[in-house]
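**Q** Got a structure for you, questions after.
The values are calculated or read from the model by the stated rules, or taken from the named source; none is laboratory data. Source: prediction; values computed, not measured. Note that we place each Cβ from the backbone using ideal geometry, even for glycine, and neighbour counts take in every protein chain shown. We work out accessible area using only protein heavy atoms, side chains counted, and drop any ligands, DNA or RNA first. Shrake-Rupley method; radii C 1.70, N 1.55, O 1.52, S 1.80 Å.
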Amino acid sequence: MKFVNLLLALAVSLLMALLVFEGGLRLIGMGPPKTLNAFDSDRGWANKSDTTIKRKTVEGFKVTYGFNEHGMRDDADLDPADPAAARVVALGDSFTLGLTVSRDDLFVDLLETWWTAEGRDVEVLNTGTEAYSTDQQVAWLEAHGDEWKPDVVLIFPYENDVYWNGQTSYTGLDKPRYSPSGELEAGELENHLDRGFLGGTAIGRLVTGGGGGGA
């Protein structure tokens with residue numbers, strides 16, 4: 001009986017030590033990062049729909065991201081069947097998403113504000129997604145263009161797109177690739193966003209060196 005009690009005491013002590021260590025790692029910023037993305041079988045990853053996430057960026061900015069049911073950092077009441085007189089779709093990466101700014105400072109929203117202030121009935125949709133290259137932006141348009149029927153499509157590339165458009169993965173995450181002729185290459189994208197139990201803890205990420213890909 002004493003041996004059993006000793007084992008229980010050791011197990012409880014170890015558990016408490018692990019919990020304290022886990023909490024300490026999270027306090028110093030080594031906890032699992034809050035990801036804005038969910039797996040998408042066509043584009044590799046996409047913004048989490050119907051989600052509000054508060055996150056501190058690597059630059060030190062504290063930002064709240066609100067995504068509507070369509071996975072856009074935009075108004076909650078957007079309806080593809082009820083368009084404005086003119087609909088503009090903005091395709092882009094974290095710059096278009098507004099990774100380090102609040103909704104009030106998003107240039108996509110500022111464009112809409114300026115145009116409507118001039119008396120134009122315009123709706124600008126922000127489809128910006130963290131770490132997207134232009135190939136994934138095109139894939140979004142191919143998947144959702146018929147649904148939203150934009151009058152104008154604005155695409156905001158970044159210089160690193162030239163490289164990543166030729167790759168089939170980004171930081172460990174599968175992504176689509178188009179051939180030089182513009183055809184989408186065949187192949188099933190795998191879900192590498194699910195970090196599992198260990199990847200969802202600070203201790204697990206410390207042991208595995210970060211574990212899994214991220215966007």
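**Q** Which residues, taken from the stretch 46-67, are assigned to a strand (DSSP E or B) and open to solvent by less than 60 Å² (accessible area, probe 1.4 Å)?
**A** Listed by number, the residues that qualify are Ala46, Asn47, Thr51, Ile53, Arg55, Val63, Tyr65, Gly66, Phe67.
**Q** Quick one: which of Pro150, Pro176, Pro157 is open to solvent by less than 60 Å² (accessible area, probe 1.4 Å), in contact with a helix residue (DSSP H, G or I) (Cβ under 6 Å, 6 or more places away or on another chain) and assigned to a loop (DSSP other than H, G, I, E, B)? Spell out how you get there, then give the answer.
**A** Working: Pro150 fails: in contact with a helix residue (DSSP H, G or I) (Cβ under 6 Å, 6 or more places away or on another chain); Pro157 fails: open to solvent by less than 60 Å² (accessible area, probe 1.4 Å).
After applying the criteria, what remains is Pro176.
**Q** Moving on. Would you check which residues across the stretch 64-114 are under 24 Å from Thr35 (Cβ atoms) and basic (Lys, Arg) and list them?
**A** Arg73, Arg103
**Q** Out of Asp79, Asp104, which single residue is open to solvent by 10 Å² or more (accessible area, probe 1.4 Å), free of Cβ contacts under 8 Å to residues at least 24 places away in the same chain, in a helix (DSSP H, G or I) and farther than 30 Å from Gln167 by Cβ? Explain how you work it out, then say what you get.
**A** Numbers: Asp79 fails: in a helix (DSSP H, G or I).
Every option except Asp104 fails the conditions.
**Q** In the stretch 107-122, how many are β-branched (Val, Ile, Thr) and either assigned to a loop (DSSP other than H, G, I, E, B) or open to solvent by 50 Å² or more (accessible area, probe 1.4 Å) (or both)? Steps first, answer last, please.
**A** Pass one, the stretch 107-122, residues β-branched (Val, Ile, Thr): 108, 113, 116, 122.
Next, from what is left, pick out any that are either assigned to a loop (DSSP other than H, G, I, E, B) or open to solvent by 50 Å² or more (accessible area, probe 1.4 Å) (or both): 113, 116.
Result for the stretch 107-122: 2.
**Q** Go through the stretch 183-200 and give me each residue that's open to solvent by less than 100 Å² (accessible area, probe 1.4 Å) and at pLDDT 90 or above.
**A** Once the filter is applied, which keeps residues that are open to solvent by less than 100 Å² (accessible area, probe 1.4 Å) and at pLDDT 90 or above, the stretch 183-200 yields Leu184, Glu185, Leu189, Asn191.
**Q** Report the residue count in the stretch 82-101 for those that are at pLDDT 95 or above, small (Gly, Ala, Ser) and assigned to a strand (DSSP E or B).
**A** Looking only at that region, the number is 1.
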